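Peer 1: Dropping the structure in here first, questions after.
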Amino acid sequence: MSQNSKNRIVDYTAAFIVLIAVFICLVPFLYILSQSLSSNRAIISQAVTIYPIDFNIEAYKVVFGDAGMLYSLFYTVILTAVFVLLALTVTILAAYPLTKKRLKGRNVLLLMMLFTMYFSGGLIPDYLNVKNLSLLNTPLALVLPGMMSVYYMIILKSFFQSLPDSLEEAAHLDGCNELQILLKIVLPLSKPALATVSLLYAVFRWNYFQDALFYITDQNLYTIQLKLYNVINISQQMSGENVNVNLPSEALKAASIMFGTVPILLVYPWLQKYFVSGIMIGAVKG
(Lines give C-alpha, C1' and ligand atoms only; values in the text may rest on other atoms or scores of the structure.)
Protein backbone atom coordinates (compact mmCIF):
# COMPACT_ATOMS: atom_id res chain seq x y z
CA MET A 1 0.00 0.00 0.00
CA SER A 2 1.43 3.37 -1.02
CA GLN A 3 2.03 6.23 1.38
CA ASN A 4 -0.69 8.30 -0.33
CA SER A 5 -3.23 5.52 0.24
CA LYS A 6 -2.26 5.27 3.90
CA ASN A 7 -2.62 9.04 4.31
CA ARG A 8 -6.01 8.93 2.60
CA ILE A 9 -7.23 6.18 4.95
CA VAL A 10 -6.06 8.20 7.95
CA ASP A 11 -7.85 11.31 6.63
CA TYR A 12 -11.09 9.42 6.03
CA THR A 13 -10.91 7.83 9.47
CA ALA A 14 -10.33 11.19 11.13
CA ALA A 15 -13.20 12.74 9.16
CA PHE A 16 -15.50 9.89 10.16
CA ILE A 17 -14.61 10.32 13.84
CA VAL A 18 -15.24 14.06 13.59
CA LEU A 19 -18.64 13.46 11.98
CA ILE A 20 -19.61 11.08 14.78
CA ALA A 21 -18.52 13.63 17.39
CA VAL A 22 -20.50 16.38 15.65
CA PHE A 23 -23.59 14.16 15.49
CA ILE A 24 -23.30 13.31 19.20
CA CYS A 25 -23.06 17.02 20.03
CA LEU A 26 -26.01 17.90 17.79
CA VAL A 27 -28.42 15.25 19.08
CA PRO A 28 -29.35 17.07 22.34
CA PHE A 29 -29.74 20.34 20.46
CA LEU A 30 -31.95 18.72 17.81
CA TYR A 31 -34.02 17.02 20.50
CA ILE A 32 -34.74 20.33 22.26
CA LEU A 33 -35.49 22.01 18.94
CA SER A 34 -37.87 19.22 17.96
CA GLN A 35 -39.69 19.40 21.28
CA SER A 36 -40.18 23.13 20.89
CA LEU A 37 -41.79 22.61 17.46
CA SER A 38 -43.93 19.55 18.25
CA SER A 39 -47.60 19.22 19.13
CA ASN A 40 -49.08 18.61 22.55
CA ARG A 41 -50.03 15.03 21.67
CA ALA A 42 -46.55 14.13 20.39
CA ILE A 43 -44.75 15.47 23.45
CA ILE A 44 -47.09 13.85 25.94
CA SER A 45 -46.81 10.51 24.15
CA GLN A 46 -42.98 10.86 24.07
CA ALA A 47 -42.95 10.37 20.30
CA VAL A 48 -40.53 13.25 19.66
CA THR A 49 -36.91 12.32 18.89
CA ILE A 50 -34.66 14.48 16.70
CA TYR A 51 -37.36 15.79 14.37
CA PRO A 52 -40.67 17.51 15.14
CA ILE A 53 -43.96 15.60 15.25
CA ASP A 54 -47.13 17.48 14.24
CA PHE A 55 -45.20 20.68 13.59
CA ASN A 56 -46.42 23.84 15.34
CA ILE A 57 -44.91 27.06 16.71
CA GLU A 58 -47.27 27.71 19.62
CA ALA A 59 -44.43 27.61 22.15
CA TYR A 60 -42.48 30.27 20.26
CA LYS A 61 -45.57 32.46 20.06
CA VAL A 62 -45.74 32.42 23.85
CA VAL A 63 -42.00 33.11 24.21
CA PHE A 64 -41.84 35.94 21.67
CA GLY A 65 -45.12 37.33 22.99
CA ASP A 66 -43.53 37.88 26.39
CA ALA A 67 -42.13 41.43 26.48
CA GLY A 68 -40.17 40.59 29.62
CA MET A 69 -38.32 37.77 27.86
CA LEU A 70 -37.40 40.00 24.92
CA TYR A 71 -36.22 42.73 27.27
CA SER A 72 -34.07 40.24 29.22
CA LEU A 73 -32.51 39.03 25.97
CA PHE A 74 -31.59 42.55 24.86
CA TYR A 75 -30.35 43.43 28.36
CA THR A 76 -28.18 40.29 28.51
CA VAL A 77 -26.65 41.06 25.11
CA ILE A 78 -25.63 44.54 26.29
CA LEU A 79 -24.43 43.21 29.65
CA THR A 80 -22.35 40.50 27.99
CA ALA A 81 -20.76 42.96 25.54
CA VAL A 82 -19.80 45.38 28.34
CA PHE A 83 -18.54 42.54 30.52
CA VAL A 84 -16.35 41.10 27.76
CA LEU A 85 -14.88 44.51 26.95
CA LEU A 86 -14.03 45.30 30.57
CA ALA A 87 -12.85 41.78 31.41
CA LEU A 88 -10.62 41.59 28.34
CA THR A 89 -9.10 45.00 29.14
CA VAL A 90 -8.33 44.04 32.74
CA THR A 91 -6.96 40.65 31.68
CA ILE A 92 -4.65 42.21 29.10
CA LEU A 93 -3.39 44.81 31.59
CA ALA A 94 -2.64 42.01 34.06
CA ALA A 95 -1.08 39.56 31.60
CA TYR A 96 1.21 41.86 29.63
CA PRO A 97 3.28 43.29 32.54
CA LEU A 98 3.76 39.78 33.96
CA THR A 99 5.63 38.79 30.79
CA LYS A 100 8.38 41.32 31.59
CA LYS A 101 11.30 39.91 33.54
CA ARG A 102 12.25 43.43 34.61
CA LEU A 103 9.00 43.76 36.59
CA LYS A 104 10.00 43.53 40.25
CA GLY A 105 7.95 41.11 42.32
CA ARG A 106 6.18 39.62 39.32
CA ASN A 107 6.51 36.09 40.72
CA VAL A 108 4.87 37.19 43.97
CA LEU A 109 2.04 38.88 42.06
CA LEU A 110 1.53 35.78 39.91
CA LEU A 111 1.53 33.55 43.00
CA MET A 112 -1.10 35.75 44.65
CA MET A 113 -3.28 35.49 41.55
CA LEU A 114 -2.83 31.73 41.31
CA PHE A 115 -3.85 31.41 44.95
CA THR A 116 -7.30 32.76 44.10
CA MET A 117 -7.78 29.98 41.54
CA TYR A 118 -7.79 27.34 44.27
CA PHE A 119 -9.06 29.17 47.34
CA SER A 120 -11.92 31.62 47.77
CA GLY A 121 -13.91 33.12 50.60
CA GLY A 122 -17.09 31.29 49.64
CA LEU A 123 -20.61 32.31 48.80
CA ILE A 124 -21.53 34.16 52.01
CA PRO A 125 -18.40 36.39 52.09
CA ASP A 126 -18.90 37.13 48.39
CA TYR A 127 -22.50 38.16 49.01
CA LEU A 128 -21.54 40.33 52.01
CA ASN A 129 -18.80 41.95 49.97
CA VAL A 130 -21.22 42.82 47.15
CA LYS A 131 -23.76 44.07 49.68
CA ASN A 132 -21.25 46.25 51.55
CA LEU A 133 -20.18 47.80 48.25
CA SER A 134 -23.83 48.70 47.57
CA LEU A 135 -23.87 46.66 44.37
CA LEU A 136 -27.02 44.64 45.05
CA ASN A 137 -29.68 45.12 42.38
CA THR A 138 -27.24 46.85 40.04
CA PRO A 139 -25.67 45.62 36.79
CA LEU A 140 -22.24 46.09 38.40
CA ALA A 141 -22.99 43.12 40.66
CA LEU A 142 -22.94 40.97 37.51
CA VAL A 143 -19.77 42.55 36.11
CA LEU A 144 -17.23 43.42 38.80
CA PRO A 145 -16.97 40.15 40.82
CA GLY A 146 -15.99 38.04 37.81
CA MET A 147 -14.27 40.67 35.74
CA MET A 148 -10.98 38.76 35.52
CA SER A 149 -10.25 35.06 35.31
CA VAL A 150 -6.74 34.09 36.37
CA TYR A 151 -6.92 31.08 34.07
CA TYR A 152 -7.69 33.24 31.03
CA MET A 153 -4.98 35.67 32.13
CA ILE A 154 -2.46 32.83 32.06
CA ILE A 155 -3.59 31.94 28.52
CA LEU A 156 -2.93 35.50 27.35
CA LYS A 157 0.34 35.69 29.28
CA SER A 158 1.59 32.51 27.62
CA PHE A 159 0.65 33.83 24.18
CA PHE A 160 2.33 37.19 24.79
CA GLN A 161 5.50 35.39 25.87
CA SER A 162 5.52 33.40 22.63
CA LEU A 163 5.89 36.58 20.55
CA PRO A 164 9.46 37.23 19.34
CA ASP A 165 11.50 39.58 21.52
CA SER A 166 12.89 41.16 18.35
CA LEU A 167 9.52 42.85 17.75
CA GLU A 168 9.72 44.73 21.03
CA GLU A 169 13.38 45.56 20.52
CA ALA A 170 12.70 46.99 17.08
CA ALA A 171 9.77 49.02 18.44
CA HIS A 172 11.97 50.47 21.21
CA LEU A 173 14.55 51.49 18.61
CA ASP A 174 11.77 53.28 16.74
CA GLY A 175 10.91 55.25 19.87
CA CYS A 176 7.77 53.40 20.98
CA ASN A 177 6.83 53.24 24.64
CA GLU A 178 5.27 50.22 26.36
CA LEU A 179 1.68 51.31 25.71
CA GLN A 180 2.38 51.87 22.02
CA ILE A 181 4.04 48.46 21.76
CA LEU A 182 1.05 46.84 23.41
CA LEU A 183 -1.57 48.59 21.27
CA LYS A 184 0.21 48.65 17.91
CA ILE A 185 2.24 45.42 17.93
CA VAL A 186 1.28 42.93 20.64
CA LEU A 187 -2.52 43.12 20.43
CA PRO A 188 -2.78 43.02 16.61
CA LEU A 189 -0.60 39.89 16.60
CA SER A 190 -2.65 38.34 19.40
CA LYS A 191 -6.04 38.26 17.68
CA PRO A 192 -6.42 34.46 17.94
CA ALA A 193 -5.75 34.52 21.69
CA LEU A 194 -7.92 37.59 22.22
CA ALA A 195 -10.77 36.04 20.22
CA THR A 196 -10.53 32.83 22.25
CA VAL A 197 -10.53 34.61 25.61
CA SER A 198 -13.34 36.94 24.49
CA LEU A 199 -15.44 33.96 23.50
CA LEU A 200 -14.77 32.22 26.81
CA TYR A 201 -15.74 35.33 28.74
CA ALA A 202 -18.87 35.81 26.61
CA VAL A 203 -20.02 32.21 27.09
CA PHE A 204 -19.38 32.45 30.83
CA ARG A 205 -21.37 35.67 31.23
CA TRP A 206 -24.18 34.52 28.95
CA ASN A 207 -24.70 31.14 30.62
CA TYR A 208 -24.06 32.10 34.24
CA PHE A 209 -27.15 32.89 36.29
CA GLN A 210 -26.17 32.16 39.87
CA ASP A 211 -24.87 35.65 40.56
CA ALA A 212 -28.10 37.16 39.21
CA LEU A 213 -30.06 34.72 41.37
CA PHE A 214 -28.21 35.86 44.51
CA TYR A 215 -27.67 39.55 43.84
CA ILE A 216 -30.68 40.63 41.75
CA THR A 217 -34.29 40.89 42.87
CA ASP A 218 -35.40 43.60 40.44
CA GLN A 219 -37.09 41.86 37.48
CA ASN A 220 -35.91 44.65 35.17
CA LEU A 221 -32.35 43.41 35.77
CA TYR A 222 -33.02 39.72 35.20
CA THR A 223 -30.67 38.10 32.70
CA ILE A 224 -32.02 35.75 30.07
CA GLN A 225 -30.63 32.74 31.92
CA LEU A 226 -32.41 33.74 35.11
CA LYS A 227 -35.60 34.07 33.07
CA LEU A 228 -35.05 30.56 31.73
CA TYR A 229 -34.41 29.33 35.25
CA ASN A 230 -37.79 30.68 36.28
CA VAL A 231 -39.48 29.13 33.25
CA ILE A 232 -38.04 25.71 34.01
CA ASN A 233 -38.98 25.88 37.68
CA ILE A 234 -42.40 27.43 37.15
CA SER A 235 -43.48 25.61 34.01
CA GLN A 236 -46.98 27.09 33.81
CA GLN A 237 -45.85 30.68 34.27
CA MET A 238 -43.89 32.87 31.87
CA SER A 239 -42.34 35.93 33.53
CA GLY A 240 -45.26 36.14 35.96
CA GLU A 241 -47.67 37.26 33.23
CA ASN A 242 -48.23 34.84 30.33
CA VAL A 243 -49.84 31.54 31.32
CA ASN A 244 -51.04 29.00 28.78
CA VAL A 245 -52.54 25.95 30.46
CA ASN A 246 -53.12 24.23 27.08
CA LEU A 247 -49.42 24.23 26.27
CA PRO A 248 -47.33 21.43 27.80
CA SER A 249 -44.54 22.67 30.02
CA GLU A 250 -41.85 20.75 28.14
CA ALA A 251 -42.56 22.59 24.87
CA LEU A 252 -42.42 25.92 26.66
CA LYS A 253 -39.17 24.97 28.35
CA ALA A 254 -37.64 23.81 25.07
CA ALA A 255 -38.66 26.98 23.22
CA SER A 256 -37.27 29.14 26.02
CA ILE A 257 -33.98 27.22 26.01
CA MET A 258 -33.66 27.67 22.25
CA PHE A 259 -34.48 31.36 22.66
CA GLY A 260 -31.61 31.78 25.12
CA THR A 261 -29.11 29.48 23.38
CA VAL A 262 -29.17 30.52 19.72
CA PRO A 263 -27.83 34.11 20.22
CA ILE A 264 -24.57 32.92 21.83
CA LEU A 265 -24.17 30.23 19.14
CA LEU A 266 -24.17 32.97 16.51
CA VAL A 267 -20.98 34.39 18.03
CA TYR A 268 -18.89 31.34 17.10
CA PRO A 269 -18.91 31.78 13.28
CA TRP A 270 -18.08 35.47 13.67
CA LEU A 271 -14.95 34.69 15.72
CA GLN A 272 -13.95 31.61 13.74
CA LYS A 273 -12.01 33.66 11.19
CA TYR A 274 -9.50 34.65 13.89
CA PHE A 275 -8.62 31.06 14.74
CA VAL A 276 -5.97 30.70 12.08
CA SER A 277 -2.43 29.40 12.11
CA GLY A 278 0.67 31.13 10.90
CA ILE A 279 -0.27 34.61 12.02
CA MET A 280 3.35 35.29 12.95
CA ILE A 281 4.66 34.37 9.48
CA GLY A 282 6.39 37.39 8.09
CA ALA A 283 6.08 39.39 11.30
CA VAL A 284 9.85 39.31 11.81
CA LYS A 285 12.15 40.32 9.01
CA GLY A 286 14.69 37.70 8.09
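Peer 1: Could you report the chain's accessible area per residue, 1.4 Å probe, as an integer in Å²?
Peer 2: 60 Å²
Peer 1: Between Rg and the Kirkwood Rh of the range 107-169, both from Cα atoms, what is the Rg to Rh ratio?
Peer 2: Ratio value, two decimals: 1.15.
Peer 1: List the pairs from Lys61/Lys253; Lys131/Lys253; Lys101/Lys184; Lys191/Lys227; Lys104/Lys184 whose alpha-carbon separation is above 23 Å, in the order I gave them.
Peer 2: Violating the 23 Å Cα-Cα cut-off are Lys131/Lys253; Lys191/Lys227; Lys104/Lys184.
Peer 1: From largest accessible area down, sort Leu135, Leu93; use a 1.4 Å probe on the protein chains.
Peer 2: Leu93, Leu135
Peer 1: In the full protein assembly as shown, how much of Ser162 is accessible to a 1.4 Å probe, in Å² to the nearest 10?
Peer 2: Taking all protein chains as shown, Ser162 has close to 80 Å².
Peer 1: As an exercise, identify the chymotrypsin sites (Phe, Trp or Tyr not before Pro) in the range 117-195 lying in DSSP coil whose Cβ has no more than 14 other Cβ atoms within 10 Å.
Peer 2: For chymotrypsin sites (Phe, Trp or Tyr not before Pro) across the range 117-195 that sit outside H, G, I, E and B with at most 14 neighbouring Cβ atoms in 10 Å, the list reads Phe119.
Peer 1: Follow-up. Which percent of the accessible area of the range 145-225 is formed by carbon and sulfur heavy atoms (probe 1.4 angstrom)?
Peer 2: 58 percent
Peer 1: Follow-up question, since we're still on this one. Tell me the angle of helix 191-207 to the major Cα principal axis of the chain, expressed in degrees between 0 and 90 and rounded to the nearest ten.
Peer 2: Tilt relative to the chain: about 30 degrees.
Peer 1: Calculate I(q)/I(0) for the range 1-99 by the Debye formula, one identical point scatterer on each C-alpha and no solvent, and give its log10 at q = 0.19, 0.21, 0.22 Å⁻¹ to two decimals.
Peer 2: These q points yield log10 I(q)/I(0) values of -0.95, -1.02, -1.05.
Peer 1: Then there's this: What angle, in degrees between 0 and 90 and rounded to the nearest 10, separates the Cα long axis of helix 3-36 from the longest principal axis of the Cα atoms of the chain?
Peer 2: Value to nearest ten degrees: 40.
Peer 1: Still on this structure, I have one more. Give the angle, between 0 and 90 degrees and rounded to the nearest 10, that separates the Cα long axis of helix 249-265 from the longest principal axis of the Cα atoms of the chain.
Peer 2: 20 degrees
Peer 1: Got a number for carbon plus sulfur as a percent of the range 1-71's accessible area, 1.4 Å probe?
Peer 2: 71 percent
Peer 1: For the full complex of protein chains and a 1.4 angstrom probe, list Thr89, Thr223 by accessible area with the highest value first.
Peer 2: Largest accessible area first, the list is Thr89, Thr223.
Peer 1: Summing -39500 (n - 2.57) over the DSSP H runs of n ≥ 4 in the chain and dividing by its residue number, what mean residue ellipticity at 222 nm do you reach, to the nearest 500 deg cm²/dmol? All intermediate terms of the calculation are to be shown ahead of the outcome.
Peer 2: On the way: 14 runs with 180 residues, N = 286.
The per-residue figure over the chain is -20000 deg cm²/dmol.
Peer 1: Report the label-to-label distance for Asn4 and Ala21 in nanometres (one decimal), using points 7 Å from each Cα along the Cα→Cβ vector.
Peer 2: 2.8 nm
Peer 1: Considering only protein heavy atoms, with the full assembly of protein chains and a 1.4 angstrom probe, order Lys61, Lys253 by accessible area, largest first. Could the numbers behind the result be given before it?
Peer 2: On the way: Lys61 120, Lys253 40 Å².
Highest to lowest solvent-accessible surface, that is Lys61, Lys253.
Peer 1: Please report the accessible area of Val267 (heavy atoms, 1.4 Å probe, ligands and nucleic acids excluded) in Å², nearest 10.
Peer 2: Approximately 40 Å² of Val267 is accessible to the 1.4 Å probe.
Peer 1: Taking just the C-alpha trace of the chain, give me its Rg and Dmax in Å.
Peer 2: 24.2, 74
Peer 1: Report, as a whole number in µm² per second, the diffusion coefficient that Stokes-Einstein gives for the range 42-147 at 10 °C and 1.306 mPa s using the Kirkwood radius over alpha carbon pairs.
Peer 2: On the way: Rh = 18.7 Å.
In µm²/s, the coefficient rounds to 85.
The values are calculated or read from the model by the stated rules, or taken from the named source; none is laboratory data. Since the model is a prediction, treat every value here as computed from it, not as a measurement. Please note: Cβ atoms are built from the backbone with ideal geometry, for glycine as well, and neighbour counts cover all protein chains shown. Accessible surface is based on the protein model in full, side chains and every heavy atom, while ligands, DNA and RNA are left aside. Shrake-Rupley method; radii C 1.70, N 1.55, O 1.52, S 1.80 Å.
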